[in-house]
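Below is one structure, written out as structure tokens, with a few remarks after it.
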């Protein structure tokens with residue numbers, strides 16, 4: 001089967017190299033590093049230092065150059081999906097499956113057979129203006145939760161930090177032939193790709209930590225272990241997670257672990273900089289709405305107050321605006 005990977009960054013590159021090495025027909029859509037990949041392929045440095053070099057992959061700057069594919073892995077960040085949504089039609093045929101691999105609450109959350117009073121509800125933070133929903137049919141979507149951490153160390157090299165798990169699930173909770181087939185292909189490529197009957201619950205479990213640790217990390221310029229070991233930030237993360245848990249519970253989501261265990265898990269990761277802190281330090285756009293704004297919007301929809309999340313969101317929005325206005329970056333350096 002032909003696989004198009006939209007976004008040849010860290011996660012897209014990680015997936016693409018391993019899938020290509022497993023014998024899949026892989027094409028990258030990459031505006032910034034397509035030329036480098038087309039010329040010399042893409043290298044992957046594994047956790048143990050092993051280097052894989054996928055030389056046979058194709059790479060294009062524009063989707064119309066690539067044609068239709070059987071599988072589209074959408075690996076760009078959440079705020080990048082809307083601007084490219086209209087062009088995805090060049091990759092998608094009637095039987096194409098689109099795997100959404102963004103952090104946070106997805107644009108399709110209340111679609112795809114969600115049911116109940118909120119079926120079809122559009123979240124402005126997840127899909128401003130409904131642009132994505134206009135161009136992507138949720139019936140062709142498979143949800144995914146991305147757990148690995150990796151970095152694009154240069155235009156042609158991805159380095160894996162840790163992890164190889166990608167949770168998968170149909171929006172209606174069925175274990176269809178297509179999602180099982182996708183799982184098998186990812187497993188063959190060396191990934192853990194379990195299929196869940198409740199992809200929304202798995203999304204919430206990851207988001208539960210992201211909505212607190214990411215913005216606190218970016219504001220305090222702190223690693224995960226710093227946040228968890230400093231009493232005041234640990235207490236703040238706990239308060240934010242309690243508010244989010246109330247929202248999730250109201251939507252019928254029950255977490256399998258408690259807050260203390262979730263925080264302990266983050267602390268075990270160690271001196272890791274969250275993606276939001278990395279973006280602040282690099283001067284990249286910040287994935288704020290999908291990770292934090294969407295939770296606040298859900299709180300408003302459900303009439304659940306989120307005072308701690310609101311405060312952190314306000315500070316993070318101002319920081320994001322300041323960095324964007326100055327076209328700058330912010331990091332702690334030795335005096």
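Annotations for the structure displayed:
- Candidates 286, 309, 263, filtered to the one that is surrounded by 19 or more Cβ atoms within 10 Å (Cβ to Cβ) and outside any helix (DSSP H, G or I): 286
- The residue that is nearest to residue 17 (Cα to Cα), among those in region 158-176 that are under 15 Å from the mean Cα position of the chain (by Cα) and modelled with pLDDT of 95 or more, is 164.
- Given (1) surrounded by fewer than 21 Cβ atoms within 10 Å (Cβ to Cβ); (2) under 19 Å from the mean Cα position of the chain (by Cα), number of the condition residue 224 does not satisfy: (1)
- Criterion (touching a helix residue (DSSP H, G or I) at 6+ places or on another chain (Cβ under 6 Å) and surrounded by fewer than 18 Cβ atoms within 10 Å (Cβ to Cβ)) met by exactly one of 145, 131: 131
- Residues of region 319-331 include none that is out of contact with any strand residue (DSSP E or B) (no Cβ under 7 Å at 6 or more places or on another chain) and within 21 Å of residue 235 (Cα to Cα).
- Filtering region 62-84 to residues that are over 11 Å from residue 6 (Cα atoms) and under 20 Å from the mean Cα position of the chain (by Cα) leaves 78, 79, 82, 83.
- Unmet criterion (only one of (1) under 21 Å from residue 186 (Cα atoms); (2) in contact with a helix residue (DSSP H, G or I) (Cβ under 7 Å, 6 or more places away or on another chain); (3) surrounded by fewer than 21 Cβ atoms within 10 Å (Cβ to Cβ)) for residue 89: (1)
- Here residue 50 passes the criteria (1) in contact with a strand residue (DSSP E or B) (Cβ under 8 Å, 6 or more places away or on another chain); (2) at pLDDT 95 or above except the one numbered (1).
- Condition check for residue 94: in contact with a helix residue (DSSP H, G or I) (Cβ under 9 Å, 6 or more places away or on another chain), modelled with pLDDT of 95 or more and farther than 24 Å from residue 44 by Cβ: yes
- Cβ-Cβ under 7 Å pairs, at least 6 apart or on other chains, region 74-88 side without any contact (Cβ under 8 Å) to a residue 40 or more places away in the chain, far side surrounded by 18 or more Cβ atoms within 10 Å (Cβ to Cβ): 87/63
- Counted residues, region 62-78 - those being surrounded by 15 or more Cβ atoms within 10 Å (Cβ to Cβ) and either touching a helix residue (DSSP H, G or I) at 6+ places or on another chain (Cβ under 9 Å) or at pLDDT below 95 (or both): 11
- Only a single item in (1) at pLDDT below 95; (2) farther than 27 Å from residue 114 by Cβ is not met by residue 237, and it is number (1).
- Just one of the listed residues (47, 24) is touching a residue at least 60 places away in the same chain (Cβ under 8 Å) and either out of contact with any helix residue (DSSP H, G or I) (no Cβ under 9 Å at 6 or more places or on another chain) or not assigned by TED's automatic domain parsing to the domain that holds residue 80 (or both), and it is 47.
- Failed criterion for residue 197 (all others in (1) more than 25 Å from residue 214 (Cβ to Cβ); (2) touching a residue at least 40 places away in the same chain (Cβ under 8 Å) hold): (2)
- Filter result for residue 253 (in contact with a helix residue (DSSP H, G or I) (Cβ under 9 Å, 6 or more places away or on another chain), under 24 Å from residue 306 (Cα atoms), assigned to a helix (DSSP H, G or I) and not assigned by TED's automatic domain parsing to the domain that holds residue 22): no
- Residues in region 157-178 that are in contact (Cβ under 8 Å) with a residue 60 or more places away in the chain and either in contact with a helix residue (DSSP H, G or I) (Cβ under 7 Å, 6 or more places away or on another chain) or surrounded by 21 or more Cβ atoms within 10 Å (Cβ to Cβ) (or both): 158, 160, 166, 168, 171.
The values are calculated or read from the model by the stated rules, or taken from the named source; none is laboratory data. All figures in this text were calculated on a predicted structure; none of them were measured in a lab. Cβ: placed from backbone, ideal geometry, glycine included. Neighbour counts: every protein chain shown.
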